[in-house]
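A quick write-up on the structure given underneath.
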């Protein structure tokens, strides 16, 4: 009950705060489709393209469907970057290519066929476990380092786009809803880090979407309460931060100069750092001579993310600048040593003992306030870095100090700096717009997607496999007639209407989850 009251309090407190300025733009594509793009306004007045989705309307607004999705802040690494990502124990960038993109980027998701590429990934996982893993430490280290860095880089930037466009689904009905499919898009983006996410049906997505929204709100409220209590019990100040229009996601703990014991008098009570993860500020002599950023008589100590499930996640320690970075490096190095060098993967009966020990260690440390989920730690870092890049309301000096420290958390060799990410996103969007205006560009992709959709409507999975095998075995001499006649298009439109009606009945209305809290 107390957590629910806390949620209500900070919801009311921040209701007047403006969300990050995000707008939507539609660009017509030949064949009756539109390229929907979300833009975010930057402090200098320019705009950053975040995400684009191909909205196939079939020349009928009641039969539209989202298909291909592009995330512009994610750029496929160059060959040099990929080689760098395969180097074990390398936690710094050597090369960072952000050149002009001449060709359209590849979609990261097909809403009409979310399982595309699934079995290739499963096959690679099997090869990694059964072929590469027994080959020796060098093979394990390089392949696992490459796979982890590349997958992590892609997934976290998909989540970055999700965190930006998510408020659009809470503004009520309108053009931004894309016929009610925006919650489905958000659910697919959230699931993209899971191996078998493509097997989740569209019918099951509404329940996942509602559960995800509820859990995110509960996590933020839970962490808010933990951090506030920990700060108050240690005689520190707790302050919520709205950075880049992102509400309820970050908080700062600080100390007043008047509370420092610079006269060497003892501080009453012991300092509990279980959830704060910082050193005792009352015994720190450097704070008495603090020359860094301070807001009046208040000295900032640390900034936390409230989105990490279980505990507040320390992102910035103003006194131990490299502290969070060293902690992250230690966790990753330990994982590479156990999995890559020692070959303890946790798979198979021979590794059951290691798996039990690791699970117990993670459980105990998680209960004691440690952040053990690598993907979620990186998601929090990317979210804070992006929020600082688009922020307009934070104290400029504080924002500069935070941005400098957050960049130190970037230990993925495939990651780019904020400036390179902005330049790369604009280059990718420009190439995509050029393709949208080319009759042989996105228009061909729209036509191919419709042919595949009509084929799936007319034939089951087994029949489609046989047709594909016949085309391959005949070297293309045989090809099933996929011509989209007006009759087929009308059948396709009717099928979409029925599907959309079923989705509308299952999806929660915008604002229902917030109102139910």
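General observations
- Some residue of the range 54-61 being assigned by TED's automatic domain parsing to the domain that holds residue 443 and modelled with pLDDT of 90 or more: yes
- Residue check for residue 492: at pLDDT 85 or above, surrounded by 18 or more Cβ atoms within 10 Å (Cβ to Cβ) and not in a loop (DSSP other than H, G, I, E, B): no
- Those residues of the range 305-323 which are in a helix (DSSP H, G or I) and at pLDDT 85 or above, in sequence order: none
- Residue in the range 333-362 that is modelled with the highest pLDDT, counting only those that are part of a helix (DSSP H, G or I) and in contact with a helix residue (DSSP H, G or I) (Cβ under 7 Å, 6 or more places away or on another chain): 336
The values are calculated or read from the model by the stated rules, or taken from the named source; none is laboratory data. Quick caveat: nothing in here was measured; it's all calculated off a predicted structure. As a convention, Cβ positions derive from the backbone with ideal geometry for all residues, glycine included, and neighbour counts pool all protein chains shown.
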